[in-house]
Structure formats: structure tokens, C-alpha cells
1. Taking segment 53-100, which residues are more than 30 Å from residue 35 (Cβ to Cβ) and in a helix (DSSP H, G or I)?
2. For segment 170-178, indicate whether the set of residues that are more than 30 Å from residue 104 (Cβ to Cβ), at pLDDT 80 or above and in a helix (DSSP H, G or I) is non-empty.
3. Among the residues of segment 229-239, are any within 28 Å of residue 354 (Cα to Cα) and within 23 Å of the chain's Cα centre (by Cα)?
4. Against the definition (surrounded by fewer than 12 Cβ atoms within 10 Å (Cβ to Cβ) and within 30 Å of residue 246 (Cα to Cα)), how does residue 215 come out, yes or no?
5. Part of a helix (DSSP H, G or I), within 30 Å of the chain's Cα centre (by Cα) and either at positive phi or surrounded by fewer than 20 Cβ atoms within 10 Å (Cβ to Cβ) (or both), is that true of residue 268?
6. Please find, within segment 231-251, the residue that is surrounded by the fewest Cβ atoms within 10 Å (Cβ to Cβ) out of those that are in contact (Cβ under 8 Å) with a residue 12 or more places away in the chain and over 17 Å from residue 273 (Cα atoms).
7. Can you say whether residue 240 is over 20 Å from residue 376 (Cα atoms) and in a helix (DSSP H, G or I), as far as the supplied structure shows?
8. Taking residue 376 as meeting all but one of (1) under 30 Å from the mean Cα position of the chain (by Cα); (2) under 27 Å from residue 308 (Cβ atoms); (3) not in a helix (DSSP H, G or I), write down the number of the exception.
């Protein structure tokens, strides 16, 4: 309002129009935290509280004080916003806890009141009458049995609620330890015998960059890994998690979506020394760069519509393919080449991409970039941007840089 309040951002518009970011600001829609929340996420994070939330709203409606009206409005709007963006479950959690507390308080008030509906009052009146008539005031034995029988349903209901609350506490402890207490650079999986297998490829790649590249080396990667590269590898990146300039991020997307020769010219123009890609086809890691590639293309298309076109990367029938049926633009892109270069040598002629469930491309050639390092599980791959020869062309010797490194730093154990 008249410059006093800052204008609304794209994230705010996305809360009311769920398709706004995908059309106008794809970089916002590409972030996993900005995706709509699936029902399993609600039950995974809130569990029993999801069932107590409607009950708390119902009890709040029964006594419409100003406090309860505020709680009802808070619950309704927070539930809507949390369904639009998964990150906003954090704003839903406080009111869910409050409403669950209201519901449990009403349940406990009703079922812990041993006087309501019990025959104890009738027995007391009978004893008083008997005393007035001079009879003995000792209560009869059948009265005790009736009282116990009358309170038995209440005891069953309370036992069930106490069991659910106890299991809810165990579930919260398990989620905290298993899902929200693991570093993002270390992955863990379970073998068929139940043993845990640690996948340390990210830390391994960053350690290699720190120890085997010059201090002033610049690394090109998608912005997701910018903070990790700066903190753990101590190397400069083109973009990171705090990059506000959409053009910078779109330029990285354009480089990865371009053919090898164009990408090489752009990389040298931006003084790039190494290119890092995350590739999960061997492990079945679905959060790799190939799965993120369409978002890179959309972001680059928004800034460079004449150079990058999303439909060109789809195969016949509008399918997202990486095998031999992939579109020419996909097969020629730098991202595709850096990920699948030499991968069929490891997986064999009939190998499969374990994420996309497709056959591997039969022939992937790379000329302007040399493979410098591939981690143990092929999760992270690092390439050196080749230097120019005397004629101003990139050296064409395969792995010209990698061949000069000790064998231990070129570990490809398959």
C-alpha cells in the first residue's frame, strides 16, 4: 500500500492459484518443498492428530467464543495452505496440536467423571432413607457390582485412548530418529537381511574436489548442491541455494540442456572448470538430475525461449525417454551425455535405468568434457572442461585430464 508494504511474491500467488508458479515462475514450482502435499505426508507427520483435528473443530463450534472462532479460522486456513505446499505443514502443526488437545480434554472430561450416570447417587439416597428409619447404613453388595459394571465402558474407552497416545509417542520418536535426524549428504538403505548400508557418495565427491582441484576452480552444477559444494568442497559455484537472479539459474539450465559444443562454449565463457551431475540410475535414487532435468529446461526456456524449447525434449507420443527412442535434443544435451557416458559398459548391453525403468542408450560419446571422477555407486559424476589446443579447439584425447591422476582418485570399481 503506497510503498509501505512490499508487493506480494510469486510464492504468495501460488497459494491461491496453484498453477501460477508453473506458468510464470517455474523455478518456484521446481522446488520439492513447494509441491502439493500428498495424503501420506499428512498421516506420516501428524498421525493420530489428523483424526483429532475434526473433533477439536467440532467441540470448538459447540462453544463459539472469540477464542474458539480464532482457532477454527486458523485451522481451516492452515489446512488449506498446507495442502498447497508441503513445507507449510509446519504452520499447520501448532493448530493441529491445539485442536487435538481440545478434543482429548472433552473426552477425558466426559469419561473420567465417575459420578455421571452412575448408580452411586441412588445407593446413597437409599442408605439415607434406611438410616432415617433406623436401619443399618451399610451399603449392599449388589450396589458395588452395579457401580463397577456402569463404569466398565468408560474404562474401556479410556484404555483405548491411552494406548493410542502411547503408540503416537512411539511413532513420533521413530519419525524424528529415522526421517528428520539424518544428514542430507549421507543416504542409508536396508539390505534384504535387514542390515543397514550407508551410501556416502556425496561426501566422497566433495572430498575429492577439495583435495584434487585448484582452490580457484569453479564448479557448474544445479543450484540444489551449491551450499554443499561451497561448504564441504570449498569451491566456487555459479549458482547456489541463495541465488536470487533467475537469469543465472536459467543460464546453468541452458548449458545443461544445450548440445555439447554449445555447452562447451558457454562453460568456457563463464570460466567453468568442472561440471558436477547427480546420477541415480545405478542405485535407483529418484532425486537425480535426470528427473530434475525438465525443470531445468522450463526455467531456461523462460529466459532463453529462442534457444531452449521443452517440447523438443520429449519423444514421440509426448513421453520422457532417455533410451534410443529419446528425442534428438535429449540425446544431444550435455546432461544426457554426462549422466550416461560409459554407463552401458558397467550395466551391460541390456542394462536398465533403475529410476526411469528404461533401457540404457546404446551409444553416448563425449568430446569436449573429460571424466575426472565417478563415485563408488555412480551417484555423483564430475567432469573436467577440456582446455583449448594451439588451434583454439578442445583437446580430443579421451580422459586427457583424468589419465594424469593417480588411480585411487579415479575410482570406478565396476
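1. Filtering segment 53-100 for residues more than 30 Å from residue 35 (Cβ to Cβ) gives 58-69.
Once the filter is applied, which keeps residues that are more than 30 Å from residue 35 (Cβ to Cβ) and in a helix (DSSP H, G or I), segment 53-100 yields 58, 59, 60, 61, 62, 66, 67, 68, 69.
2. Checked against the condition, which is being more than 30 Å from residue 104 (Cβ to Cβ), at pLDDT 80 or above and in a helix (DSSP H, G or I), segment 170-178 yields no hits at all.
3. Yes, that holds for at least one residue.
4. So residue 215 fits the description; yes.
5. Numbers: part of a helix (DSSP H, G or I): yes; within 30 Å of the chain's Cα centre (by Cα): no; either at positive phi or surrounded by fewer than 20 Cβ atoms within 10 Å (Cβ to Cβ) (or both): yes.
Taking the combined requirement at face value, the residue does not satisfy it.
6. Pass one, segment 231-251, residues in contact (Cβ under 8 Å) with a residue 12 or more places away in the chain: 232-243, 246-247, 249-251.
Right, trim to over 17 Å from residue 273 (Cα atoms) and you get 232, 241-243, 246-247, 249-250.
Numbers: 232: 17, 241: 13, 242: 9, 243: 16, 246: 15, 247: 12, 249: 23, 250: 22.
It comes out as 242.
7. Numbers: over 20 Å from residue 376 (Cα atoms): yes; in a helix (DSSP H, G or I): no.
In short, no.
8. (2)
The values are calculated or read from the model by the stated rules, or taken from the named source; none is laboratory data. None of these values were measured; they are calculated from a predicted model. Cβ sites come from the backbone with ideal geometry, for glycine too, and all protein chains shown count toward neighbours.
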